[in-house]
Amino acid sequence: MVVTATRLPQPIDTVLADLRVIDADTIANAGPMTLTELLQTRGGVEISATGGPGQVSSIFLRGSNASHVVLLIDGVRVNSATAGTNAFENLPLAQIERIEILRGVGSSLYGADAIGGVIQVFTKQAGADRAEDSIGAGRWGTREASVGLGRKFGDTRLSLQAGWRESESFSATNENASFSFEPDRDGYRNSNLGLNLDHDWAEGQSLGLHVMGSRGATHFDAGPGSDDVNRQRLSSTALESRNRLSADWRSLLRLARGADHIRTDGAFPGFVDTDQDQATWQNDVNALGGQWAAGLDWRREKVSSDTAYTVSTRTFRAVFVGYTARFDAHLIEASARHDEDSQFGGHGTGKFAYGYRFAPQWRASASLGTAFKAPSFNDLYYPSAFGFSGNPDLKPERARSAELALRHDGGALQGGLVLFRSSVRDLIAVDPSFTTVINVNRARLRGATVDASFSEGIWTARGEFTHQQAEDADTGTRLVRRARQYGSASLSATTGAWRAGVEWVLSGERFGTAANTEASRMGGYGLVNLNASWFVTPSWSLSARLNNAADKRYELVQGYNTPGRNLFVSLAYAAL
C-alpha cells in the first residue's frame, strides 16, 4: 500500500503515476550508504555531492533541478526556504522505515516546487512490539550505532528510535577546487532521535505525535588555513488527529512544524534558520464509484539569519481535491489545487491520468499535469555581496508535463516503460553578467525509463535505465550535472541463513557548467557494490558491504572527491 501518488492509500499495482518504493529490508541492507546514494541505487534518481558523508548533496528527478523536488517527512515539509533545496545529507537511514518516490509533476496535490516530483520519507512507526539494535564500523574510521523500541500498551502504541554515526571521512575537495582546496580530512558526525506515539481514544478515532530530529556536524573546505564546519539541525514535529466519521468518510487534521537550522563556523561564519508552520485538513470520502481526497493546506515559511532579507516571512494557503476510481478495466486519477501565495498571488495546478487494464497483469496509461515553483528567499532578496544579489522581480517557474506508460504487475516478473516530456518556462537562472538571477531560460525535459524485476526461487533481480534529454530549450545545451543515460541494477540470492547480492550503478557523462565547455565535462562512471548477510539466529545477523568494489574514480561535482572502495561490517539484533 502506498499513499504519495494520490494522498490516498492504494495498492501499488493500481497506481498510474511513476512511483518507486524503497522498503525496510532494502534500507537495513544499505550499510554506510548515505540517503542520496540509496536513492540513486534504488530510487531511479541522479545525484550530486560535494564530498563524502554530510557534504551538501542534491537529487535530480527526471532531469529537473534539485529545487524542483518536494521532501516530506511523515507528510511534513522540511527544507531551506533560503536555498530552496533539501538537506538529504543529514537525513539518517536509522530513522527511516520506507521511502516513496513520485517522479513527475506533483503540485496538484502538494503545491509549490513539485515540478520534478515528491520524495516522502516515513519514519519507523508505532505498531507491534519490537526491539532492534545495530552497531557497525568501516573505512575512514566510520562508526555507527542505533537502537529501536516499539511497544503496545492497550490502545496506545509507542516507537522510539535513536542513532549515531561518525566518520573521519576524506578531503571533500581536491586540487581542481581552486581557492577552496585544503588537503585534510573532512569528518562528519550525526546524532538522531525519533518518537512516534499513537493512541486510539475511541473506535476509529486516534491521536498521534510524530517527532524526528537530526543533528549533523560536517567539516568542509572553504580555503587553506581555516577549520570550517556546518552544524545543521533538521526536525519534524506533527500532532495528528485521525477520525473515522462514517463508514465512507475519514478525516485527518495535522498541525506541524518543519525546521532547517544551520550554523557555519570558520572563514565565513553565519547562520540561517528556516521554520515552517504547517496545517492540513484532509477528508477521504468514498463516493461516485471511487475515492475522494479533499481538504485545505496552510504553510508559513519564516527565515531568521545574520543576513538581512528584505522579506523574511511568507504564507501559502491552498484548497485541493483528488479523485481515484476503478471501473472494470478502466482506471482514473485526477487532482486539482489552488494555491494562494502571499508574494505571488494565486496559482492553479491540475493533473489527469487514465489507465486501461487490457489484460489481467497489463495496463497502459497516459497523464497530463501542471506544476509551479516559487522563487526562494535567496533568489529574491539575497543582499548584494561579492557583486551578486537577489532579484525581487522574479516570477514563479511553471511547468507542463505529459506521460505515457505501459506496465506489467503480478507473478514473478514485473516491469514497465514510461515516456515523459516536460517543459519549464520562466526558469530561474544566473544572468550572463553573473550579478543577479533572472527568469530567462526555458527547460525541455524528455526521456524514457524502463524497469524490470524478477523473483524466482532463491533469486531476485531488478534493473532500471533512463535515457533523457534535459536541456536549455533556447540554447540546446544540457542542464548542469544531468546525464543523457543513467541507471542501476541488482542481483541477489537467499538460501538458508545466507543472503548475498551485487549492485551496479551507472551514469553517463555530465557537464559542470551551463555552457557545456570541454573543461567542465565529467566522464561517465559505473560502480559495483557487494553485500552479504548471515543470520546467525532468527534475531541476530552479521552483514558486510563493499561499496565501489572496483575502486572507481569518478566525479559528481568538479573539484570534489567521491568515496573510493570501502568496506563496512555490522551486527544487528531484531526481535518482534
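Checking each residue in region 379-413 for being touching a helix residue (DSSP H, G or I) at 6+ places or on another chain (Cβ under 9 Å) and open to solvent by 40 Å² or more (accessible area, probe 1.4 Å) picks out Pro392, Asp393, Arg407.
Filtering Ala177, Ala222, Ala217 for residues that are in contact with a Lys or Arg (Cβ under 7 Å, 6 or more places away or on another chain) and of a type outside the set (Ser, Thr, Tyr) leaves a single hit, Ala217.
Got a sec? Which of Gly136, Gly117, Gly148 is touching a Gly at 6+ places or on another chain (Cβ under 8 Å) and farther than 27 Å from Arg300 by Cα? Of Gly136, Gly117, Gly148, the one residue that is touching a Gly at 6+ places or on another chain (Cβ under 8 Å) and farther than 27 Å from Arg300 by Cα is Gly136. The condition of being in a loop (DSSP other than H, G, I, E, B) and among the polar types (S, T, N, Q) holds for only one of Thr475, Thr460, Thr466, that being Thr475. Restricting attention to region 510-532, the residues that are of a type in the set (A, V, I, L, M) and either buried (at least 20 other Cβ atoms within 10 Å of the Cβ) or free of Cβ contacts under 8 Å to residues at least 12 places away in the same chain (or both) total 2.
Scanning region 8-44 for residues that are of a type in the set (A, V, I, L, M, F, W, C), open to solvent by less than 20 Å² (accessible area, probe 1.4 Å) and either in a strand (DSSP E or B) or touching a His at 6+ places or on another chain (Cβ under 6 Å) (or both) turns up Leu19, Ile22. Checking the stated criteria, Gly127 turns out to be surrounded by fewer than 21 Cβ atoms within 10 Å (Cβ to Cβ), modelled with pLDDT under 95 and under 27 Å from Ala30 (Cα atoms).
Within region 414-452, the set of residues being of a type in the set (Gly, Ala, Ser), in contact with a Ser or Thr (Cβ under 8 Å, 6 or more places away or on another chain) and surrounded by fewer than 16 Cβ atoms within 10 Å (Cβ to Cβ) comprises Ala448 only. With respect to being open to solvent by less than 20 Å² (accessible area, probe 1.4 Å) and touching a residue at least 60 places away in the same chain (Cβ under 8 Å), Gly104 fits the description. Does any residue in region 263-290 that is at negative phi come within less than 6 Å, Cβ to Cβ, of a residue that is part of a strand (DSSP E or B) and of a type in the set (Phe, Trp, Tyr) six or more places away or on a different chain, and which pairs are these? Taking only residues 6 or more apart or on different chains, the pairs are Arg263/Phe271; Ala279/Trp298; Val285/Trp249; Val285/Trp292; Gly290/Tyr323. State whether the residues of region 548-559 include one that is assigned to a strand (DSSP E or B) and in contact (Cβ under 8 Å) with a residue 60 or more places away in the chain. No; the residues of region 548-559 include none that is assigned to a strand (DSSP E or B) and in contact (Cβ under 8 Å) with a residue 60 or more places away in the chain. With respect to the conditions (1) under 27 Å from the mean Cα position of the chain (by Cα); (2) surrounded by fewer than 18 Cβ atoms within 10 Å (Cβ to Cβ), Pro269 lacks only one, and its number is (1).
Among the listed residues Asp133, Asp184, which satisfies the condition of being closer than 29 Å to Ser48 by Cβ and open to solvent by 20 Å² or more (accessible area, probe 1.4 Å)? Just a single option satisfies the conditions, and that option is Asp184. Criterion first (under 30 Å from Gly559 (Cβ atoms), modelled with pLDDT of 95 or more and surrounded by 16 or more Cβ atoms within 10 Å (Cβ to Cβ)) does Leu234 satisfy it? So Leu234 passes the test.
Restricting attention to region 306-325, the residues being over 19 Å from Gln343 (Cα atoms), at pLDDT 95 or above and surrounded by fewer than 19 Cβ atoms within 10 Å (Cβ to Cβ) number 2. Looking at region 522-547 only, could you name the residues that are in a loop (DSSP other than H, G, I, E, B), within 19 Å of Ser134 (Cβ to Cβ) and touching a strand residue (DSSP E or B) at 6+ places or on another chain (Cβ under 7 Å)? Across region 522-547, the qualifying residues are Val536, Ser539. Under the condition of being surrounded by fewer than 14 Cβ atoms within 10 Å (Cβ to Cβ) and either charged (D, E, K, R) or more than 16 Å from Thr494 (Cα to Cα) (or both), the residues counted in region 453-467 number 1. Can you tell me which residues in region 279-305 are among the aliphatic types (A, V, I, L, M), open to solvent by 20 Å² or more (accessible area, probe 1.4 Å) and assigned to a strand (DSSP E or B)? Across region 279-305, the qualifying residues are Ala279, Val285, Ala287, Ala294, Leu296.
Condition check ((1) in contact with a Ser or Thr (Cβ under 9 Å, 6 or more places away or on another chain); (2) touching a residue at least 40 places away in the same chain (Cβ under 8 Å); (3) buried (at least 24 other Cβ atoms within 10 Å of the Cβ); (4) in a loop (DSSP other than H, G, I, E, B)) across all residues:
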site	(1), (2), (3), (4)
Ile47	yes, yes, yes, no
Gly51	yes, yes, yes, yes
Gln55	yes, yes, yes, yes
Ile59	yes, yes, yes, no
Arg62	yes, yes, yes, yes
Ser67	yes, yes, no, no
Leu72	yes, yes, no, no
Asn86	yes, no, yes, yes
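The set of residues from region 389-416 being under 21 Å from Gly63 (Cβ atoms) and touching an Asp or Glu at 6+ places or on another chain (Cβ under 8 Å) comprises Pro396, Glu397, Arg398, Glu403, Ala405, Gly416.
The values are calculated or read from the model by the stated rules, or taken from the named source; none is laboratory data. Since we're looking at a predicted model, the values are computed, not measured. Every residue, glycine among them, receives a Cβ derived from its backbone with ideal geometry; neighbour counts consider all protein chains shown. Protein only, heavy atoms only, side chains kept; ligands, DNA and RNA dropped before computing areas. Shrake-Rupley method; radii C 1.70, N 1.55, O 1.52, S 1.80 Å.
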